[in-house]
1. Would you mind giving the three semi-axes, in whole Å and largest first, of the ellipsoid equivalent to chain B according to its Cα gyration tensor?
2. For B:321, C:4, A:410, what's the fewest-to-most ordering of other Cβ within 10 Å of each Cβ?
3. Give the cross-link partners of residue A:576 among the lysines, using a straight C-alpha distance below 19 Å as the criterion and excluding same-chain residues fewer than 8 apart.
4. Once you have all Cα-Cα distances for the protein assembly as shown, histogram them in 20 Å bins from zero and send the whole-percent values.
5. Label points 7 Å out from Cα along the Cβ direction at residue C:43 and residue A:346: separation in nm?
6. In nanometres, what is the gap between the two model label sites at residue A:829 and residue A:631, each 7 Å from Cα along Cα-to-Cβ?
7. For the stretch C:45-61, just list the computed ³J(HN,Hα) in residue order, Karplus coefficients 6.51, -1.76 and 1.60, θ = phi - 60°, integers in Hz, with x standing in for Gly and Pro.
8. I'd like the FRET efficiency for residue A:16 and residue A:326, computed as 1/(1 + (r/R0)^6) with the beta carbon distance as r and R0 of 35 Å, rounded to 0.05.
Amino acid sequence: MSQPFRIAGHGRVDHAQPVRFTFDGRTVEGRRGDTVASALLANGIHLMGRSFKYHRPRGVVSAGSEEPNALIGTSRGPGRFEPNTRATMQEVRQGLTAESQNKWPSLSFDVGAINDRLGRFIPAGFYYKTFKWPRSFWDKVYEPFIRQAAGLGKSPTEADPDHYASRHLHCDVLIVGGGPAGLAAALAAGQSGAETVLVDEQAEIGGTLLSEPGVRIEGQGAWDWLAAALAELRTMPNVRLMSRTTAIGYYHQNMVGLCERLTDHLDVLPEGAPRERLWRVRAGQVVLAQGAIEKPLVFDGNDRPGVMLAGAAQTFLHRFGVKVGNRVAVVTSHDSAWHGAFDLAHAGVKVAAIVDVRAEVPRVLTARAEALGIEVLTGHTVTGTTGRLRVATVRVNPVQGGRVGAGRTIACDALLMCGGWTPSLHLFSHTKGSLAWDAEAGAFLPDRKTEECEIAGAGRGLWGVAAALEDGARAGAAAAKAPGRVAGVGTFAVEGDRTGSGVVAKELPTDRDAGLAKAFIDFQNDVTAKDIRLAVREGMRSIEHVKRYTTNGMATDQGKLSNINGLMIAADALGKEAPAVGLTTFRPPYTPTTFGALANLRKGRHFEVTRRTAIDAWAEATGAVFEPVSLWRRAWYFPQAGEDMHKAVARECRAVRTAVGMFDASTLGKIEVMGPDAATFLERMYTNPWAKLQPGRCRYGLLLGEDGFIRDDGVIGRLAADKFHVTTTTGGAARVLNMMEDYLQTEWPDLDVWLTSTTEQWAVVALQGPNARKLLEPLVEGLDLSDDAFPHMAVVECTVAGFPARLFRVSFTGELGFEVNVPARHGRALWEALWQAGQAHGVVPYGTETMHVLRAEKGFIIVGQDTDGTVTPQDAGLGWAIGKAKTDFVGKRSLARPDIVAKGRKQLVGLLTEDPAVVLEEGAQIVADPNQPIPMTMIGHVTSSYWSEALGRSIAMALVEGGRDRMGEVLHIPMPGRTLRAKVTVPNFVDPDGQKLKV
Amino acid sequence: MTHYSAFSLLKNALSGHKNWREHWPDAQPKAEYDVVIVGAGGHGLGAAYYLAKEHGITNVAVIDKGWLGGGNTGRNTTIIRSNYLYDESARLYDHALDLWEDLSQDLNYNVMYSKRGVLMLAHNVHDVQSFQRHIHSNRLNGVDNRWLSAAEAKAFCPPLNIAPDARYPVVGAALQKRAGTARHDAVAWGYARGAAARGVDIIQNCPVIAIRRGPDGAVIGVDTAKGFIKAKKVAVSAAGNTSVVMQSAGLRMPLESYPLQALVSEPIKPIFPCVVMSNTVHAYISQSDKGELVIGSGTDQYVSYSQRGGLPLIEHTVAAICEVFPIFSRMRMLRKWGGIVDVTPDRSPILGKMPVKGLYVNCGWGTGGFKATPGAAHLLAWTVARDEPHPINAPFTLERFTTGRLIDEAAAAAVAH
Amino acid sequence: MLLIHCPYCDETLPEPEFAYAGEAHIARPADPMALSDEEWRDFLFIRSNPRGNHFERWRHVNGCGRFFNAVRDTVSDKFAMTYRAGEPRPNLDALKEAAE
């Protein structure tokens, strides 16, 4: 393809390297170094998108990340599609697939553009006023219709095959922005020896220097100086330069988030490389040198393809060697656009006219224009444009004494506009630094700082390369001083600098009915000047209300182009000065940031760790089904061939009740409590008495919150006078340890106690069932396991299967039971030794489901299932676990509060369904009167419910109001379609006298 | 008040939209009101509206330190639902849901209440137990909520990843079809417009300095940046700032204020038909009528009024979204922001009379106040007008923290084992 | 992400190493059973929640494990100081003078 608008040999693109990509299916050729936007412009394509509301045809308006119009879908194969990519930022790569958005059936003919014709009927906020009648139409017709109109690009539909990375970085000085100010700052900071990082969002560092090759610095051309400066910085070991890296947010205490784009510009994806990397930078000092963003002018038809910012045209010319048209007109309120026009004229573009809204323009500019043969129209306004898919003419009128004179039409194929410049203070605003209106600069400038930062260059209203360089050097030296470095403040000899000034305009005056003008402020969201005025007329006086009512500034550029123009017009409508109306708050991120980069390493299996026990691999090899319990995965049940869960669990239950089962209990939390005051400490923490517990014995422990509600439970063994082995629930381990540390460190620092988490140090195997002792005895050395010598609730340190062990005689099943703790590294070997030994005794492995059934048959609670954070020990039937003689323990006082001692609290009971085959649903609600209307008075709910293989019927536990006074009462469980009946019982279904433990 | 309709829109279009009247006048404070409401969010403005409309009390001022609707009303993720566990909560939120149904017609202002359904994901056995308990309780309370299998959940919300090998596989979901979203700003504006039309003064940019009490301890008015305003009844509906305002009346509250963050993506064509919440993974997401994915994050761990919020929380939130919806990994975050939420010890609100004569409070809504807006407003108006709570808000007293009768929805979903 | 100075480690470290632990200087009463229901409620639930300087507790949970106290401005989130558990509540005026 010919690239008719490319200027051979001009710009920084590599003219020897063609790059081909497609746009809406059509092959386009650009050059290495192009963006999609510059490559399309080189081919004469301005039409790149459609606006959100009116579907108006739109061309590229800027050359940077603030672009609101030229948003495209980009793709590089399966799973790698992304919408809303700024064509001005996406570098071309071989084979890139780009498509335009928000159009049907095609970009040049879009049915949705009917909205444009209906524009007058759908002004700002119209939807609040209508779609209310008929009422039934809202859900069925209007709302689906409105929702269908949403959005710009299409969503990705496949999982993202790329991965993302993240890193931390610490430095003395972080400089954001690689234009002249940022470079000078980096040179000053770098030369001082400070650890310095310079980041820039563009592919190439240089900022405005890339677009102003005519400036001479220190006797060199701008590009030569830039190359030398970068070369010098690269030689400094203390300086890191990062391009394609956007500073997305400025957080507390000088933390700045960066997003570095690593592969989107590459022709071929490197194997295994991350697509993007999130950096969390902690900087001693931050230098914000982000420059300024050019403002559009607001006039009727300022949105036609071909109408663009003058500075953008200058960038396309110098950086990319692309002329944006053959015959351009310029409209401006600022000197800067004049220079852009001169550069275009020098490049051979016909500049039809420069229209300046100011009556007075520096003579040096008008003289130069005249010398170049450009018509100069000062004191003029623009009142309209024509051209459907590309601007064709612009209508200009003289303005005198506020009166708009007769218009005339100038033909053009591009119209360049400049409404002045807005300092980029987004990151500064993230810090809650305040801004102050500067009337002279016609802009908000930084005022009060809250973080350790410097603002340099155009960011604080200094225009021109010389000022930027000097201010950057000052800021860099000042920033380097903080870590104690000494930096010289450089001076720079600059020739050909383009300083300038301008005026701040609201919408341009017109001789036509302003009510019919389509003078856009927010291009993407189609917010016009008259929308802003309508919002004010309707009582929206706060700039935040204006923004939200009109959606001005809420597009993907987040108001970078529209905020100040919107503010000036709102202020005019309100009859106030701009600073009295105020500015909306800038929020992170500076530019839209991919979810992938924000999620970075937390993807798939790395989203959260999965904790596995030492025995997990055996369970997996044996075909266990697992369930997640907090961060752990636990064996749920061990199905054999042909078994479903029900059958497997029934078999496991039978085996435990008649022979012996093995259970991996390693996930239970374990805390070693040691020290002379260990017993005193536990006395105060737990409800139970501990002082008199003898070494070698254990006891069930119950832990409350200070609010009196059950937090955790577990068996606690006393190994010595000053040594306790505390167990907690699987999910509660960290919480309990934190709670213990809190009390120990801050309430009772006088107690001589040490706490150590030992959860991962011990592997635990529970042996439960009548054959448990027979299985275990041969493996235990020198220890009598008989009931007399080693009774229920005994604990001892011994050797099991050759491993050092803590052996507990405990039961969570009601059967004879032991729990063997060995150092975790021996867990698998212990398990296999027990497994081997158990073959003669009918051993089976069982999982958490069987554990739950067996404990429910005994009425043992699971904290978090049978309790829910509002259950007291008395509610749970655990009043016996409270040390009656104790004057205090955590939560005791709360148990005496009026509503805690009141009658009618929910109490844990057993339930037996009338139909023994029916297993109640856990969570099912219980009523006393099944015939009442809805809403019913519910008196409780089922907390645990299982098929009991031992009893050959279902069993359940429930929290029921006044439950213990209802023994024998029949209650009702209304289910969809039928009501079940169940009798209240004591929650202890199997071996209620505990005979099986006394063997 | 101009009646809004398709006809008025058409008529005004023909006159170039020059004749629209303001939604509410910019009022300056009078010397005295029957009722002063502190806080011009949806709750406070709504209370003024219902005081005027249902109780005939129109000499009312709503005052705010900033612009109306600028607090949590304009900063939330607009989720509306009522599938709460406890009877007290279910009735409270379902009362709000009943009012949401007719709110656009009632206010003559389209608040865009969208009954798109709220899907709450279960990821493990504990979630299933907890959700079943909610569903059974809701059914007997007359609150819509039902169980979906993972496949049914995916059919309802196609972007959902239900792969069984996910780190947190979806094992099912609870669906409240009547739940959904609404346009948050429109709620504040609609109530403000309706209240102003009935004579209520809305006074913006007027910080309250103190609640003043007379010699007998009763409330006599409020000191503000615009001077003293006399009132025998003062209702505080100031969300994150409640502690500070109540302190000026000599009351210390069981509240802490935390920054809560939220974010939106760039706008995309409709892909996400409902609201999805996962408490286990901490992912809350819907798609706005503009096309943005609206995503709720969590609270930062520390008390703060800074509305700033840190990056780590956002990283975790977005990771959670990508875990449940891997197709969104290449989407981009457009904007994130923070609000300040006031949280009570049991995470349920306090809505009722204070132990000071003439003082009422509506606070402690934590992260879930938007959904309650019409209900809270309606009940606050009732309580102020009659000087006694409505039966629905009667359990939500300050006294419950003394007696121990907490309404702890969060604890009821507690995870332990 | 805040930077927090641990008074035990004497190092300033990022927030993920720390866990917030609520308002400081709310000592558990020596004899809770002697308290009225209202007094017990105040201990359990009533919090200052100020706009401005807040006395609060943090734990260096992913570090030395110690609980300590801090003074932080809840509007700017800036720490005025951190100090060891058990040390008396600092005088804010003195703090201000020291800063100036």
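1. On the way: eigenvalues 252, 133, 77 Å².
The equivalent ellipsoid of chain B has semi-axes of 35, 26, 20 Å.
2. Details: B:321 30, C:4 24, A:410 18.
By the 10 Å Cβ count, ascending: A:410, C:4, B:321.
3. By straight Cα distance, residue A:576 reaches A:506, A:530, A:547.
4. All Cα pairs considered, the percentages come to 9, 33, 35, 18, 5, 0.
5. Once both label points are built, they end up 8.1 nm from each other.
6. 2.8
7. With coefficients 6.51, -1.76 and 1.60, one gets 10, 7, 10, 6, 6, x, 8, x, 5, 10, 8, 9, 10, 10, 10, 7, 5 Hz.
8. Working: r = 25 Å, r/R0 = 0.72.
The calculated FRET efficiency here is 0.85.
No lab work stands behind these numbers, since they all come straight from the coordinates. As the structure is a prediction and not an experimental result, all values here were calculated from the model. A quick note on method: Cβ atoms are made from the backbone with ideal geometry, for glycine too, and the neighbour counts reach across all protein chains shown.
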